[in-house]
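As structure tokens, the structure follows; a few thoughts come after it.
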Amino acid sequence: MNMIKSYDVVIIGSGPAGSLCGIECRKKGLSVLCVEKEEFPRFHIGESLTGNAGQIIRDLGLAEQMTAAGFPDKPGVNVIGSLSKNEFFIPILAPTWQVRRSDFDHMLKEKALEHGVEYLTALVKDVIKHEGKVVGAIYKKDDMEYQVRSKVLVDASGQATFLSRKGIAGKREIEFFSQQIASFAHFEGVERDMPPFSTNTTILYSKQYHWSWIIPISPTTDSLGIVIPKDLYYQECKNPEDAMAWGMENISPEIKRRFRNATRTSTPESMADFSYRIEPFVGDGWLCIGDAHRFLDPIFSYGVSFALKEGIRAAEAIDQAIKNDDWKTPFYAFRDWSNGGQQIAADLIRYFWIYPIFFGYQMQNPDLRDEVIRLLGGCCFDCEGWKAPMIFRKAIEEYDRKQMVG
Ligand code: FAD
């Protein structure tokens, strides 16, 4: 086995979490290697961005490039309930975009390269440990294995949850929203709303965990996702194509109307078991960010913005850990910050699925409306003392208590 080099930080995966963590670590003067198994650009799901994500992208200086890439502006999210009743609109918190992830992730990677992050296209296979501490990784390239040393190894491997699979981080635990399968594809010729709302995200639902997204990701292409419970998928569908057809027929007549003249331009794919959490997700010489430790339910499009935020916040923790030669204080602070924000988002999503009609009313409640818009814009980590999160949590606790008694 060949020994290559030593870095302050080695990052596994170059999605939004890995790229942002790399950029922020470089700003702090740390040396960074990012190891990504795929050649970019590569397909990825997760195409609608929150206002918080939009702000981070502007802070990176990428606004002009986003527009030049043809990513549509996102005015907001239109949520349409069963049989097209119970409709409500969520305006965005700050200007943001809908994206084709292959191009967006590539743009972030290029930005990281500009900041001096070194890149390798290779598969990380294992970790190197010394006296209980993680001190590096083993990766495979062209059938050869190499070692690289790190002061901190960052798992940004997304749903691959690399450090969990290696037994370094905890086991993947199923969360509330787990038993769903998402099937998705891209289409041309979809009927859109009139401007300025033609590039909204549209969420359509029929009942709990039966829903669909329509996201315009370019001037002419729309992403359609159909999410249904796992049991139903295996009962009614043989493949992702069946699931798409089932969703078009059964979730909302609005989907059929919008897609009546549309042509599919990509092969439908499915993803199952995408909701989980992992504890612990920090330790001596390592931490996990983004989907590598937790993913909720994609209904409110939190994934990319949480991955970006965690990448930035993790870089602060890593810098402190290296400077002070103490991982516990900064990494536990990162863990608590992350858990706090993720839990508020989880409460919001659960509240929506338990009380979808009340959720729509809360959007109109003048006492809560502003806070709910901010929470949906990604501010789940910055809402200490707000009323809305407490109201949602109380309602969920009451619901769980009744379920236990009943
Ligand atoms: P990823 O973007 O998954 O990046 C991980 C990278 O690690 C990949 O490039 C992978 O190739 C690489 N990797 C993995 N293992 C290794 C290895 N061993 N060695 C080297 N490289 C490795 N989010 C939104 O914001 N908006 C949405 O509309 C939205 N819709 C979604 C719909 C569905 C059905 C699902 C499941 C998710 C959705 N998400 C959405 C979530 C979003 O896709 C993720 O939260 C986001 O991509 C997480 O970013 P990340 O950087 O943590 O991981």
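The values are calculated or read from the model by the stated rules, or taken from the named source; none is laboratory data. Bear in mind the structure is a predicted one, so any value in this text is a computation, not a measurement. Cβ placement follows ideal geometry from the backbone for every residue including glycine, while neighbour counts extend to all protein chains displayed. Remember, those area values only see protein heavy atoms, side chains included, never the ligands or the DNA or RNA. Shrake-Rupley method; radii C 1.70, N 1.55, O 1.52, S 1.80 Å.
Quick look at the values:
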{"quantity": "Sequence-distant lysines (8 or more away, or on other chains) whose Cα lies within less than 29 Å of LYS323", "calculated": "LYS5, LYS27, LYS28, LYS109, LYS111, LYS125, LYS129, LYS133, LYS151, LYS166, LYS309"}
{"quantity": "Cut-off 15 Å between beta-carbons: net charge of the residues surrounding SER6, Lys and Arg +1, Asp and Glu -1", "calculated": "+2"}
{"quantity": "Phi to ³J(HN,Hα) by Karplus 6.51 cos²θ - 1.76 cosθ + 1.60 over region 276-292, Hz, x for Gly, Pro", "calculated": "6, 9, 10, 9, x, 10, 9, x, 5, x, 8, 7, 10, 9, x, 4, 5"}
{"quantity": "Per residue accessible area of the chain, 1.4 Å probe, in Å²", "calculated": "43 Å²"}
{"quantity": "Antiparallel bridge percentage (DSSP; both residues within the chain; nearest 5)", "calculated": "70 percent"}
{"quantity": "Normalised alpha carbon radius of gyration of the chain [divisor 2.2 N^0.38 Å]", "calculated": "0.98"}
{"quantity": "Of all accessible heavy-atom area on region 350-405, the percent that carbon and sulfur account for (1.4 Å)", "calculated": "54 percent"}
{"quantity": "Cα-Cα P(r), region 350-405, percent of pairs per 10 Å interval", "calculated": "22, 55, 20, 3"}
{"quantity": "Shape of region 137-285, Cα gyration tensor, a/c cut at 1.5", "calculated": "prolate"}
{"quantity": "Of the DSSP H helices in the chain, those whose Cα atoms cover at least 20 Å axially and whose Kyte score averages -1.0 or more", "calculated": "303-324, 328-354, 387-405"}
{"quantity": "Highest average packing first - 257-269, 95-107, Cβ atoms within 10 Å", "calculated": "95-107, 257-269"}
{"quantity": "GluC sites (Glu not before Pro) restricted to DSSP loop in region 179-247 with at most 16 other C-beta within 10 Å", "calculated": "GLU191"}
{"quantity": "Volume per residue of the C-alpha convex hull in region 38-94, rounded to whole Å³", "calculated": "122 Å³"}
{"quantity": "Cα coordinate range in region 211-280, projected on the principal axes (Å, largest first)", "calculated": "46, 29, 21"}
{"quantity": "For region 180-251, diffusion coefficient by Stokes-Einstein and Kirkwood Rh (Cα), 4 °C, 1.567 mPa s, µm²/s", "calculated": "103 µm²/s"}
{"quantity": "D_trans [Stokes-Einstein, Kirkwood Rh over alpha-carbon pairs] for region 85-220, 10 °C, 1.306 mPa s, µm² s⁻¹", "calculated": "81 µm²/s"}
{"quantity": "Highest-fluctuation residue, TYR234, TYR361, TYR139 considered, GNM on the chain with Cα pairs under 10 Å", "calculated": "TYR234"}
{"quantity": "Three-way shape label, region 301-354, alpha-carbon gyration tensor, a/c 1.5", "calculated": "oblate"}
{"quantity": "Descending semi-axes in Å of region 252-406, equivalent ellipsoid built from Cα gyration tensor", "calculated": "32, 23, 16"}
{"quantity": "Residue among PHE359, MET390, ILE373 farthest towards the positive dipole end of region 350-405, charges placed on Cβ", "calculated": "PHE359"}
